[in-house]
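For reference, the structure discussed in these notes is given below.
The values are calculated or read from the model by the stated rules, or taken from the named source; none is laboratory data. This one's a predicted model, so the numbers in the text were calculated from it and none came from an experiment. Neighbour counts run over all protein chains shown; Cβ positions are idealised from the backbone, glycine included. The area values use the complete protein model at the heavy-atom level, side chains included, leaving out ligands, DNA and RNA. Shrake-Rupley method; radii C 1.70, N 1.55, O 1.52, S 1.80 Å.
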Amino acid sequence: MLSNSLSVLCLSECLSQLDAVDCGQAPLNTRLLGGSSEVTDGEWPWMASLQKDGRHVCGGTLVDEDSVLSSADCVSSSPTASDWTVVLGRLKQNGSNLFEVTLNVTDITLSNQTGSHAAVLRLETPPTLSNYIQPICVDHGRTFSVGSTCWAAGWSSGAGGEEQVLQEIQTSVVDCEDTWSDSVCTEALTLEQGFSGGPLMCHQDGSWFLAGVLTAEDEVNNGPQGAQGKNVKDAIPWFFSDFVYSNIAF
């Protein structure tokens, strides 16, 4: 087994817990009950597809009723809000999706810190929440102990068949060793192209929490198989929280 670790944009020291709406509830998720490995509608109800010109560019995560968090690398080359739409409730990139909704973006805010950075996309209208569309929890100061089981998810043109069904990868938290204390490191895994901006998700205390945001630096153009994870080198410093606090309505 490879000893490398997935690199993520860590959020454990940067976000306070959302209290505007219930969060982190996925009634149709069977992962904790030993369910099928095939992703189905509502499995990850906070998953967002960031789209430009009607095509999937990156993943994202619904973190509040009208806010999606992603990697700034996904939108920094085209930060004009009107160029983007966000699709929620989607399972397949190709084919019908009974529960999806497409929303316009009215504002994009990029962090101005060096190293790992994020983007908040503000939605024109909040979606109607259901079993298929829900925000995930984000919690300032929450830690994920070594051995915790977590999941990454995203869409890729090299996986999921012709319909490009949402893919998920199970992993475990490992010791980051020489990285900053607010980093999250995982076991090595194959990260598909197109996963950038998507979530690393861990289950604690009856809810799902966002532990990190996958970044473009995790992806290397190695064809459909994507790239192996690597050690975390850049974590969000403590002062990054000012950006998140001021751009998400907790």
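If you take just the strands (runs of 3 or more DSSP E) that sit entirely in the stretch 67-150, which of them hold at least 2 residues that are farther than 15 Å from Gly212 by Cβ and in contact with an Asp or Glu (Cβ under 6 Å, 6 or more places away or on another chain)? Before you say what the answer is, go through the steps one by one.
Details: elements: 67-71, 84-88, 101-110, 118-123.
Filter on the stretch 67-150 gives 101-110, 118-123.
Just checking, which of Glu65, Glu43, Glu13, Glu38 is open to solvent by 60 Å² or more (accessible area, probe 1.4 Å) and at pLDDT 90 or above?
Glu65
Name the single residue that is modelled with the highest pLDDT among those in the stretch 163-184 being open to solvent by 30 Å² or more (accessible area, probe 1.4 Å), closer than 22 Å to Gly42 by Cβ and not in a strand (DSSP E or B).
Only one residue tops the list, namely Gln164.
For the stretch 186-204, which residues satisfy the criterion of being modelled with pLDDT of 80 or more and not in a strand (DSSP E or B)?
Within the stretch 186-204, Phe195, Ser196, Gly197, Gly198 qualify.
Residues that are touching a Cys at 6+ places or on another chain (Cβ under 8 Å), part of a helix (DSSP H, G or I) and β-branched (Val, Ile, Thr): does the stretch 48-60 have at least one?
Checking the stretch 48-60: not a single residue is touching a Cys at 6+ places or on another chain (Cβ under 8 Å), part of a helix (DSSP H, G or I) and β-branched (Val, Ile, Thr).
Considering only residues that are among the aliphatic types (A, V, I, L, M) and surrounded by 14 or more Cβ atoms within 10 Å (Cβ to Cβ), which ones fall in the stretch 85-112?
Val86, Val87, Leu88, Leu91, Val101, Leu103, Val105, Ile108, Leu110
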